[in-house]
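Below is one structure, written out as C-alpha cells; the observations come after it.
The values are calculated or read from the model by the stated rules, or taken from the named source; none is laboratory data. Here the structure is a predicted model, which means the values were calculated and not measured. Neighbour counts are summed over all protein chains in view; Cβ atoms, including those assigned to glycine, are modelled from backbone coordinates with ideal geometry. Please note that ligands, DNA and RNA were not included when accessible areas were found on the heavy atoms of the full protein model with its side chains. Shrake-Rupley method; radii C 1.70, N 1.55, O 1.52, S 1.80 Å.
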Amino acid sequence: MDLVENAASNKGKTETFISQFARYFTPFIVLFALIIATCGIILDSANWKEWIYTAMELLVISCPCALVISVPLCYFSTIGVASRQGILVKGSNYIEALSNVENMVFDKTGTLTSKVVPVASDITEEALLNLVIYAEYYSTHPIGISVVDAYGRENIFSEIISDFTAVTGGSKATINGNKILVGNYKLMHANKIEIPDVETSNLVIHVVKNKIYQGYVEIGDIIKEEAKETIEKLHKQKIEKCYMLTGDSRTIAENVAKEIGIDETHSELLPHQKVEFVEKLKKNSKGKTVFIGDGINDAPVLARADVGIAMGEAGSDATIAIADIVIMGDNLTKLNDLITLSKKSKRKVLQNIIFCLSIKAIVMLAAIVLAAFNRVMNTTYEFPLFIAIFADVGVSLIAILNSLLLLRSKKSKEMFNKKGEIKNE
C-alpha cells in the first residue's frame with residue numbers, strides 16, 4: 001500500500017490540448033478584437049460603428065466552440081466504443097497517451113498465462129499437494145487461485161484452515177493445528193529453510209510443515225491462446241519493445257517469452273523491483289510506457305506506469321481500483337483494439353483542430369482585409385454575416401459529426417444487431 005500511495009502521488013496528469021488552447025487563445029482573441037476596434041475608432045472615427053461591428057464579427061468567427069466541443073467528444077466517443085468492447089477507460093488522457101506508446105510491459109502469471117496446474121512433485125503422496133491446496137485456499141494470487149480451482153473448492157473443508165497470511169513469494173496458514181508455509185525458494189531462504197536444487201522449467205512451490213521441509217510441487221503454466229498473436233500485432237503497430245516482468249525463475253520466464261515473442265524478459269523480481277524497472281524505462285523513453293497486470297503485487301507498478309491496464313476478470317480489487325484501464329474478460333487481443341482506437345481518436349482530434357483553425361483563420365483574415373479595403377478605397381462592402389456564423393456554428397457541427405464517426409467504426413458496428421441491441425456474443 002505504501003508503494004501504491006507513493007506511486008500514485010508521483011504520477012503526472014497529461015494536460016489535453018483543449019485546456020492549453022483555451023488558456024491562451026481566448027484572451028488573445030478578445031485582446032485582438034479590442035485592438036482592432038480601438039485602432040479603428042482612433043484612426044477612422046467617422047466609421048467607428050463599422051470597426052466595432054468588424055471586431056464583434058471577429059469574436060463570432062474565432063469563438064472556440066468547435067474545439068471546446070469536438071475535441072473532448074473525440075475522446076468520449078472513443079471511451080464509448082471501448083466500453084462496448086469490454087474495455088473500461090477511466091479518463092480521456094489515457095486514450096491520448098495510448099496513441100504514443102513506445103513500450104508495453106507485461107506481467108506473466110494471469111496476464112500472458114492463464115491457468116496453472118500441479119504437474120509433479122518429488123513426493124508422490126497426495127498429502128503434499130493437499131497441503132499446498134489448503135494453504136493457498138484464501139490466496140488472491142493467480143497461482144494460488146488456479147491450483148485451488150483445479151482441485152475444486154467444493155472439495156475443501158475450509159473449517160480446518162486458520163491464521164492465513166499472504167506473504168511475498170507464497171502463503172502461511174495453520175491447517176489442523178499445523179503451521180504450513182508454502183512458496184518459492186526466496187521465501188524458503190528468508191525463513192532459513194534448507195531446500196534441494198530443482199532443475200525444471202516449471203514453477204516450484206516448496207512445502208514446509210512445522211518448520212520441517214516436506215517437499216515441493218511443480219506448477220505448469222498454460223500460455224493464453226491469444227498471447228502470441230497479441231505480441232505480433234503490437235509489433236506491427238510499431239510498438240518499440242514488449243517486456244515481461246515476473247517473480248518466477250529465469251528458466252520459466254525465458255521459455256514463456258520465447259514461445260510468444262517477447263523482446264526482453266526480467267525474472268525473479270519483487271514488486272518494488274518492477275516499479276524500479278518501469279521508472280527506469282520511462283526515464284529513457286521518448287514515448288509512453290504501458291504496464292499490463294492482474295495481481296495485487298502489480299498495483300504499485302500499475303500506478304507508476306504512464307498507463308496501467310488491469311485484466312478485469314482475474315485481477316484483484318486493488319489492481320482494478322488503481323489501474324487506468326480495465327480489460328473485462330481478460331482477452332489480450334483487446335489491447336490491439338484499444339491502441340487502434342486511440343490512434344483513430346488522435347487522427348480525428350488533429351483533423352478537427354486543423355480544420356477549425358484553418359477555416360477560422362481564413363474567414364477572420366478575409367473580414368479584416370475587407371474592412372481595411374473599405375477604408376482605403378472608401379467603399380461600403382459588408383462582410384456577409386452568414387460566413388461569420390458558418391465559421392462558428394457550421395464549423396462546430398462539421399467537427400462534431402467528424403468526431404461522432406468514431407462511433408461508426410467496424411468494431412463498434414459488429415457489436416450491435418439491426419435493432420441497435422447488443423448482440424449476445
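For residue 349, state whether it is crowded, with 20+ Cβ neighbours inside 10 Å, of a type in the set (A, V, I, L, M, F, W, C) and closer than 17 Å to residue 398 by Cβ. In short, yes.
For beta carbons closer than 9 Å, sequence separation of 6+ or different chains, a first residue in the range 150-167 that is in contact (Cβ under 8 Å) with a residue 24 or more places away in the chain and within 24 Å of residue 114 (Cα to Cα) and a second that is assigned to a helix (DSSP H, G or I) and among the aromatic types (Phe, Trp, Tyr), there are no qualifying pairs.
Would you mind stating whether residue 218 is of a type in the set (D, E, K, R) and open to solvent by 60 Å² or more (accessible area, probe 1.4 Å)?
Here the answer is no, as residue 218 does not meet what is asked.
Taking residues in the range 323-335 that are polar (S, T, N, Q), and partners anywhere that are modelled with pLDDT of 85 or more, the pairs with Cβ atoms closer than 7 Å and at least 6 places apart or on different chains are 331/226; 333/226; 333/229; 333/230.
If you check 282, 286 for being at pLDDT 85 or above, open to solvent by 40 Å² or more (accessible area, probe 1.4 Å), closer than 21 Å to residue 94 by Cα and in a helix (DSSP H, G or I), only one passes: 282.
Among the strands (runs of 3 or more DSSP E) confined to the range 205-266, the ones with at least 2 residues that are under 22 Å from the mean Cα position of the chain (by Cα) and under 18 Å from residue 301 (Cβ atoms) are located at 241-245, 264-266. Looking at the range 146-184, which of the residues that are crowded, with 20+ Cβ neighbours inside 10 Å and assigned to a helix (DSSP H, G or I) is modelled with the highest pLDDT? The qualifying residue modelled with the highest pLDDT is 148.
Is it the case that some residue within the range 308-319 is in a helix (DSSP H, G or I) and surrounded by fewer than 24 Cβ atoms within 10 Å (Cβ to Cβ)?
Checked the range 308-319: at least one residue is in a helix (DSSP H, G or I) and surrounded by fewer than 24 Cβ atoms within 10 Å (Cβ to Cβ).
Is there a residue being open to solvent by less than 10 Å² (accessible area, probe 1.4 Å) and basic (Lys, Arg) anywhere in the range 261-278? Looking for residues that are open to solvent by less than 10 Å² (accessible area, probe 1.4 Å) and basic (Lys, Arg), one finds at least one in the range 261-278, hence yes. The residues in the range 364-386 that are buried (at least 16 other Cβ atoms within 10 Å of the Cβ) and at pLDDT 85 or above can be counted, and the count is 1.
Residues in the range 33-63 that are in contact (Cβ under 8 Å) with a residue 60 or more places away in the chain, surrounded by fewer than 21 Cβ atoms within 10 Å (Cβ to Cβ) and under 45 Å from the mean Cα position of the chain (by Cα): 60, 63. Considering only the range 229-251, I want to know if a residue exists there that is in contact (Cβ under 8 Å) with a residue 60 or more places away in the chain, more than 24 Å from residue 291 (Cβ to Cβ) and open to solvent by 60 Å² or more (accessible area, probe 1.4 Å). No: zero hits.
For every residue, the table says whether it meets (1) of a type in the set (Asp, Glu); (2) open to solvent by 50 Å² or more (accessible area, probe 1.4 Å); (3) within 20 Å of residue 33 (Cα to Cα); (4) in contact (Cβ under 8 Å) with a residue 12 or more places away in the chain.
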| site | (1), (2), (3), (4) |
| --- | --- |
| 359 | no, no, yes, yes |
| 362 | no, yes, yes, no |
| 389 | no, yes, yes, yes |
| 398 | no, yes, no, yes |
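Taken over the range 320-346, residues that are under 12 Å from the mean Cα position of the chain (by Cα), among the β-branched types (Val, Ile, Thr) and not in a helix (DSSP H, G or I) amount to 3.
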